1. Could you grab me the full set of residues in region 130-147 that are of a type outside the set (Ser, Thr, Tyr), open to solvent by 60 Å² or more (accessible area, probe 1.4 Å) and either in a helix (DSSP H, G or I) or in contact with a strand residue (DSSP E or B) (Cβ under 6 Å, 6 or more places away or on another chain) (or both)?
2. Could you please find all residues in region 75-89 being open to solvent by 40 Å² or more (accessible area, probe 1.4 Å) and not acidic (Asp, Glu)?
3. Of the residues 192, 156, 150, which is open to solvent by 50 Å² or more (accessible area, probe 1.4 Å) and modelled with pLDDT of 70 or more?
4. Please state which of the following conditions residue 92 fails to meet, knowing it meets all the rest: (1) surrounded by fewer than 18 Cβ atoms within 10 Å (Cβ to Cβ); (2) at pLDDT 85 or above; (3) of a type in the set (Phe, Trp, Tyr); (4) closer than 29 Å to residue 138 by Cα.
5. Could you tell me whether region 51-74 includes any residue that is touching a helix residue (DSSP H, G or I) at 6+ places or on another chain (Cβ under 7 Å), modelled with pLDDT under 85 and open to solvent by 30 Å² or more (accessible area, probe 1.4 Å)?
6. If I go through region 97-115 residue by residue, how many of them are within 23 Å of residue 34 (Cα to Cα) and either among the aromatic types (Phe, Trp, Tyr) or at pLDDT 85 or above (or both)?
7. Can residue 13 be described as touching a Gly at 6+ places or on another chain (Cβ under 9 Å), crowded, with 18+ Cβ neighbours inside 10 Å and at pLDDT below 85?
8. Mind checking whether some residue in region 29-39 is outside any loop (DSSP other than H, G, I, E, B) and open to solvent by 70 Å² or more (accessible area, probe 1.4 Å)?
Amino acid sequence: MSSSTVDGVAGWAISIMEALGAPGAGIAIALENLFPPLPSEVILPLAGFTASQSEGKMSLFDAVLWTTLGSVVGALVLYGVGALLGRERVIFIASKLPLINVSDIEKTEAWFARHGKKTVFFGRMIPIFRSLISIPAGVERMPLSIFTILTLAGSLIWNTAFIMAGYALGEQYHLIEQYMGIVSKAVLGVVLLAVVIFIWVRLVDRRKGKHHAG
């Protein structure tokens with residue numbers, strides 16, 4: 001299989017792996033962390049498939065090593081974005097948004113203080129959140145060493161599972177994308193539902209406040 005016979009993200013991922021080998025897979029995953037619309041559920045199984053077909057150009061170990069390195073590098077960039085923003089800027093931005101109160105940020109900070117380590121570790125294995133979780137970790141200035149270790153561990157599990165699946169399935173690697181597409185849509189649906197409930201509750205609270213003030 002070559003990039004000329006595959007379209008879209010899969011074709012792009014194959015082309016960069018054909019050109020650069022395992023480091024190309026690492027670059028693809030680093031970019032996936034920075035741009036979540038690039039799905040790791042496509043890139044990682046392709047890395048496994050490529051390792052099974054590359055006749056020594058990219059081993060299974062190399063695929064896991066470089067994609068995990070790419071995951072950590074991408075996560076560290078987003079951590080840096082969160083650290084640069086800082087608490088004051090986040091609160092300032094939140095204060096300008098409709099339906100958001102500063103108390104919401106304070107509650108989020110308190111929650112992250114209690115569950116931040118678990119969130120960073122398990123968040124690396126949840127579609128959509130695997131990229132975004134790095135930003136609040138940076139805002140809250142989670143110790144960089146701890147963030148890096150947790151990101152490395154979570155990414156290693158996630159990447160290895162998908163690379164091994166792609167390696168085992170061979171040219172049927174696209175089955176992983178189909179099933180994980182369902183999971184990603186389910187996660188997105190839960191997030192959207194939570195947003196709708198939050199907005200509804202906040203609107204009701206404001207109406208009650210106006211009623212009491214009147």
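The values are calculated or read from the model by the stated rules, or taken from the named source; none is laboratory data. None of these values were measured; they are calculated from a predicted model. When we count neighbours, we look across all protein chains shown, and the Cβ atoms used for this are built from the backbone with ideal geometry, even at glycine. To get the accessible areas, we keep the full protein, side chains included, count just its heavy atoms, and leave off ligands, DNA and RNA. Shrake-Rupley method; radii C 1.70, N 1.55, O 1.52, S 1.80 Å.
1. Of region 130-147, the ones of a type outside the set (Ser, Thr, Tyr) are 130, 132-133, 135-144, 146-147.
With open to solvent by 60 Å² or more (accessible area, probe 1.4 Å) added as a condition, the list becomes 132, 140-141, 143-144.
The answer is 132, 144.
2. Pass one, region 75-89, residues open to solvent by 40 Å² or more (accessible area, probe 1.4 Å): 76-77, 81, 84-85, 87-89.
If the condition is that a residue be open to solvent by 40 Å² or more (accessible area, probe 1.4 Å) and not acidic (Asp, Glu), then 76, 77, 81, 84, 85, 87, 89 are the ones that fit.
3. On the way: 192 fails: modelled with pLDDT of 70 or more; 150 fails: open to solvent by 50 Å² or more (accessible area, probe 1.4 Å).
The match here is 156.
4. Among (1) surrounded by fewer than 18 Cβ atoms within 10 Å (Cβ to Cβ); (2) at pLDDT 85 or above; (3) of a type in the set (Phe, Trp, Tyr); (4) closer than 29 Å to residue 138 by Cα, residue 92 violates only (2).
5. Among the residues of region 51-74, at least one is touching a helix residue (DSSP H, G or I) at 6+ places or on another chain (Cβ under 7 Å), modelled with pLDDT under 85 and open to solvent by 30 Å² or more (accessible area, probe 1.4 Å), which makes the answer yes.
6. So the answer is 1.
7. Yes: the conditions hold for residue 13.
8. Of region 29-39, the ones outside any loop (DSSP other than H, G, I, E, B) are 29-34.
Right, trim to open to solvent by 70 Å² or more (accessible area, probe 1.4 Å) and you get none.
Within region 29-39, none of the residues are outside any loop (DSSP other than H, G, I, E, B) and open to solvent by 70 Å² or more (accessible area, probe 1.4 Å).
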